[in-house]
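Shown next, in structure tokens, is the structure this report addresses.
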Number of protein chains: 2
Amino acid sequence: MLPQTPSLLSRIRIVLCRPSHPGNIGAAARAMKTMGLAQLCLVSPKKFPHEDAEAMASGAFDVLGSAQVCDTLEEALAGCVLAIGTSTRQRDLQTALLTPHEAACQALSEAQAGKVAFVFGNETFGLSKEELARCQALMTIPANPEYSSLNLGAAVQVMAYELRRTAQAETFAQPELDAADLAEVERFYAHLEETLIRIGFLNPASPKRLMPKLRRLFSRTRLQREEINILRGMLSAMDSKNNGKH
Amino acid sequence: MLPQTPSLLSRIRIVLCRPSHPGNIGAAARAMKTMGLAQLCLVSPKKFPHEDAEAMASGAFDVLGSAQVCDTLEEALAGCVLAIGTSTRQRDLQTALLTPHEAACQALSEAQAGKVAFVFGNETFGLSKEELARCQALMTIPANPEYSSLNLGAAVQVMAYELRRTAQAETFAQPELDAADLAEVERFYAHLEETLIRIGFLNPASPKRLMPKLRRLFSRTRLQREEINILRGMLSAMDSKNNGKH
């Protein structure tokens, strides 16, 4: 194993959104620990803590015991520079779906700069549109087109395996750029939306798909810290000019 | 997906030896179906059929329902040209351990000639020495050295994923040689052992590790059909000469 492997894997966070079955939370904790991952975050779990979670975690009590429970995905992504969502369906997504290996390469490269989250949806419904919109990249596990329904714990196991395998096999160049924290990116989106409403470009009564489309655009480019400053500077200038007009 | 993928995957057999928990059998069936595998074989399962297996199989009823139950691993390997055992421990093995990707490459290459089995051991004890001796290659899933205990269903999921991923990404040259069926190889071992006893080289009262060592040697070379014929011809010649002497 390359010396960087454990430290990079320690920066990977697994986020489970609204899991229904506590057994799957335990299975995910065990899957994570077998591959050297430790940060588990649960967004509004239906039942947790729960004895089924403990039973399925087997010897991964530490990962389960230190799991963070959050109300929102935004909270779960605090301090991350990249969130990769998982999807089993192509659906209406216009974003390219990464393979697990591509996702692992991107995550481990970015993990040199900060924390990276893999976001898994509810067992039955997957990730909601709102949750998908919080992710900068999307990943899918290749599966039998006639039956692609991986168990949640099994999906976490495959992704964790792919992360460990990739971390052992490859070295990752330091990313050249200084990626913005996702909380900063969210503040930019909020600022952008306010400004667009104020200048009359976005009608809050009929917003259509404007904000999701803008999110998709900026997610593709992966905003850097300096770029956020420039964009928000532009918005502030626009705001003050606009305020001056009225 | 390359046109060969489904047909090669259909020649992969998953063999679970003495599984204790029926839930794991169901999870393995589901894991297999998500990756397009269909041949499940159970050697002396503790409880099967069982409602836990059905619950965990989810939509993979067909894989579970067509699972073959055998008394011995030898029976489970009928018709296979290669058996790859799985191990989580380095133990006393003198055989090199393949990575899942290396094992997938070898399996898919040989699958062009015949059926290939992946053999998983009991949840607590793994594969026995006797079971390991029936395998021509061994594979291990890379794991956290401090906690390498993958759940059985999760281990099947990882290997099935690696098989599908590899089948999609690579093309496999037709193997040049005509590998012997494992049943033929077993008949050769039986013949060899009888002959060695008859010529006084192997003392059945104190066999030591002679047969396992010979098995390891021939497993490494992967015996071809023609070679088996030559070797058994030699043994027969030795037998008749020896019979003539007495």
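The values are calculated or read from the model by the stated rules, or taken from the named source; none is laboratory data. Because the structure is predicted, anything quoted here is derived from the model rather than measured. Virtual Cβ from ideal backbone geometry, glycine too; neighbours counted across all protein chains shown. Note: areas computed on protein heavy atoms with side chains; ligands, DNA, RNA excluded. Shrake-Rupley method; radii C 1.70, N 1.55, O 1.52, S 1.80 Å.
Pick out the one residue from B:Asn122, B:Asn144 that is modelled with pLDDT of 95 or more and among the polar types (S, T, N, Q). That would be B:Asn122, the only listed residue that is modelled with pLDDT of 95 or more and among the polar types (S, T, N, Q). Filtered by the rule that a residue be part of a helix (DSSP H, G or I) and open to solvent by less than 40 Å² (accessible area, probe 1.4 Å), the stretch A:219-230 gives A:Ser219, A:Ile228.
Residues checked against (1) part of a loop (DSSP other than H, G, I, E, B); (2) within 11 Å of another protein chain (Cβ to nearest Cβ); (3) open to solvent by less than 10 Å² (accessible area, probe 1.4 Å); (4) farther than 17 Å from A:Ala160 by Cβ:
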position: A:Ser7; (1), (2), (3), (4): no, no, no, no
position: A:Asn24; (1), (2), (3), (4): no, no, no, no
position: A:Arg30; (1), (2), (3), (4): no, yes, no, no
position: A:Lys47; (1), (2), (3), (4): yes, no, no, yes
position: A:Glu54; (1), (2), (3), (4): no, no, no, yes
position: A:Leu64; (1), (2), (3), (4): no, no, no, no
position: A:Glu74; (1), (2), (3), (4): no, no, no, yes
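Candidates A:Ala113, A:Ala190: the one that is among the aliphatic types (A, V, I, L, M), closer than 30 Å to A:Ser236 by Cβ and either free of Cβ contacts under 8 Å to residues at least 12 places away in the same chain or assigned to a strand (DSSP E or B) (or both) is A:Ala190. A:Ala60 meets all of the listed conditions (1) modelled with pLDDT under 95; (2) within 14 Å of chain B (Cβ to nearest Cβ) but one, namely (1). The set of residues from the stretch B:94-105 being modelled with pLDDT of 90 or more, farther than 10 Å from B:Thr166 by Cα and open to solvent by 50 Å² or more (accessible area, probe 1.4 Å) comprises just one member, B:Thr99. Within the stretch A:32-45, the set of residues being open to solvent by less than 40 Å² (accessible area, probe 1.4 Å) and under 21 Å from A:Ala183 (Cα atoms) comprises A:Leu40, A:Cys41, A:Leu42, A:Val43. Return the residues of the stretch A:193-209 that are closer than 16 Å to A:Ala133 by Cβ and either modelled with pLDDT under 85 or in a strand (DSSP E or B) (or both); say none if nothing qualifies. Passing the criteria: A:Lys208, A:Arg209.
Do we have A:Arg30 as among the basic types (Lys, Arg) and closer than 19 Å to A:Ile84 by Cβ here? No; evaluated as a whole, the condition is false for this residue. Summed over the stretch B:145-169, residues that are within 9 Å of chain A (Cβ to nearest Cβ), more than 20 Å from B:Asn24 (Cα to Cα), crowded, with 19+ Cβ neighbours inside 10 Å and not charged (D, E, K, R) total 0.
When restricted to residues that are crowded, with 22+ Cβ neighbours inside 10 Å and among the basic types (Lys, Arg), the stretch B:124-139 contains 1.
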